[in-house]
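Undergrad: I have a structure here, written as structure tokens, and I will follow up with some questions on it.
Nothing in this text is a laboratory measurement; each read-out follows from the coordinates by a stated rule. Only a predicted model underlies this, so the values are computations on that prediction, with no experimental measurement involved. When we count neighbours, we look across all protein chains shown, and the Cβ atoms used for this are built from the backbone with ideal geometry, even at glycine.
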Amino acid sequence: MRVIRSLTAGSAVLVLAALVTSCASTASDGSPAEAGGSLVWADYGGSTNAAFTDVFFDDFTAETGIEVISTTIAGAVQYEMFDGGEGDYDLQMTGLAEIELYQDNLLELPGSVPRGDLLPDGVEDYAVGTMQIGYAQGYLDETFPDGGPQNWADFWDVEAFPGMRAVPGEYHDFMFEAALIADGVAPEDLYPLDFDRAIAKLDEIKPYLTYYTEYPQVQQLLSSGSAAIAFGPNGLFAGLSNEGLDVTVVWDGAFVEANMFVIASAAPNSENAFALAEFLADPERQAAFSERTNYGPSMSEAFDYMDDELIERLPNAPSHTAIIPANPSGRADAYEESVDRYTAWLAG
């Protein structure tokens, strides 16, 4: 099965082989050398990648000599590797459904890498650098000075909360689930997804939607006033807060999913990737990363290094009882049809 996911910061496929070869320096047994070597880290760029670099990568390279080469995920490369083919990525960002769908072509972490105790069962043996992401509504406080939307029904209420809504323009990112919740479906009844009902609900607000194809565009759309409300990963709203803007994230009904990095079986520098995986499992550094991004940690011990105010900004804060945890099996079963139906709906 191959499904092309692309919310990339620039859609070009980057050719990295020559760069990786020139930087690589590994021992004859494939293990990372004391100094030198490299690995390719593929994500969606922006402020999240900058946080990984500042909190983890710089110190990792200083301690191990292994260079972390960041690139933007190209769907064609990612799913070629998920299908068992070759590619340049050593660690690549993905979601819970992909781990369930492509587990046969992913490498299990060695025993030296601590597991995340906040992850769903069956995921922890493959998940690296995990972030607990809330796919939520966010808006600038100045847009709704008397109070903004509080749930998914409000997202659809363009009379009470006027303005354009920014939503994904390539990948579906819980759009069908949000539509069904807005239409009165209980969270426990979401799966199997009723695509016809969800699309009918999406049609109701299609004239009020503006689409982003790169995650950083969410921040641009909100800060420019081109969108009144945006639906996307909560860390994008943290980026606006870090710039001094007052932003509200709506946690009621937010879909919380563990986004992590995985190592495909064909990863060229898997031993170096395992070394980084161990470094990323440090709870104190995870807390520092959460402070930068407002994404939740994968290890409960990380909360010991946070104050209460920070914890409340995170998707998996204990007080956020109205969130909707992602259903890996339900998402996996609906994965291919979700992509096909959303793509067709966008084009219609």
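Undergrad: Distance in nm between label sites at A50 and A347, each 7 Å beyond Cα in the beta-carbon direction?
TA: That separation, rounded to one decimal, is 3.6 nm.
Undergrad: Among T71, T48, which comes first, then next, by fewest other beta-carbon atoms within 10 Å?
TA: Ranking T71, T48 by Cβ neighbours within 10 Å, fewest first, gives T71, T48.
Undergrad: Once you keep just the Cα pairs under 8 angstrom separated by 6 or more residues, what percentage relative contact order results for the chain?
TA: Rounded, it is 26 percent for the chain.
Undergrad: Given charges of +1 on the Cβ of Lys and Arg and -1 on the Cβ of Asp and Glu, with all other atoms neutral, how large is the dipole of the chain about its Cα centre, in debye to the nearest 20?
TA: Here the size comes out at about 860 debye.
Undergrad: Let me ask another. Which residue, A322, A166, A287, tops the fluctuation ranking in a GNM of the chain built on C-alpha contacts under 10 Å?
TA: Highest fluctuation among the options: A322.
Undergrad: Let me ask another. Based on the Cβ-Cβ distance from D157 to V339, what FRET efficiency comes out when R0 is 41 Å, to the nearest 0.05?
TA: Working from the Cβ atoms, E equals 0.90.
Undergrad: Express in whole angstrom the spacing between the alpha-carbon centres of the range 148-184 and the range 245-277.
TA: About 24 Å separates the Cα centre of the range 148-184 from the one of the range 245-277.
Undergrad: Mind checking which of G147, F161, A127 is farthest towards the positive end of the range 122-168's charge dipole, using Cβ charges of +1 (Lys, Arg) and -1 (Asp, Glu) about the Cα centre?
TA: Checking the options against the dipole of the range 122-168, the answer is A127.
Undergrad: Right, another one. Among I99, I324, I205, which one moves the most in a GNM of the chain with springs linking Cα atoms closer than 10 Å?
TA: Looking only at I99, I324, I205, the biggest GNM fluctuation is shown by I205.
Undergrad: For K206 and D117, what is the calculated FRET efficiency with R₀ set at 45 Å and r taken between the beta-carbons, to the nearest 0.05?
TA: 0.60
Undergrad: Using 1/(1 + (r/R0)^6) with R0 = 45 angstrom and r between the beta carbons of D104 and E142, what's the FRET efficiency to the nearest 0.05?
TA: Using R0 = 45 Å, I get an efficiency of 0.35.
Undergrad: Run the helix sum for the chain: -39,500 (n - 2.57) per DSSP H stretch of 4+ residues, divided by residue count, reported at 222 nm to the nearest 500 deg cm²/dmol.
TA: For the chain, the value works out to -10000 deg cm²/dmol.
Undergrad: Next up: Running a GNM on the chain with Cα contacts under 10 Å, which residue among P207, P325, P162 ends up with the highest mean-square fluctuation?
TA: P207
Undergrad: Please work out how much length the chain gains when fully extended from D307 to L245, using 0.36 nm per residue of separation minus the C-alpha to C-alpha distance, in nm with one decimal.
TA: Taking 0.36 nm per residue and subtracting the Cα distance, the gain is 20.2 nm.
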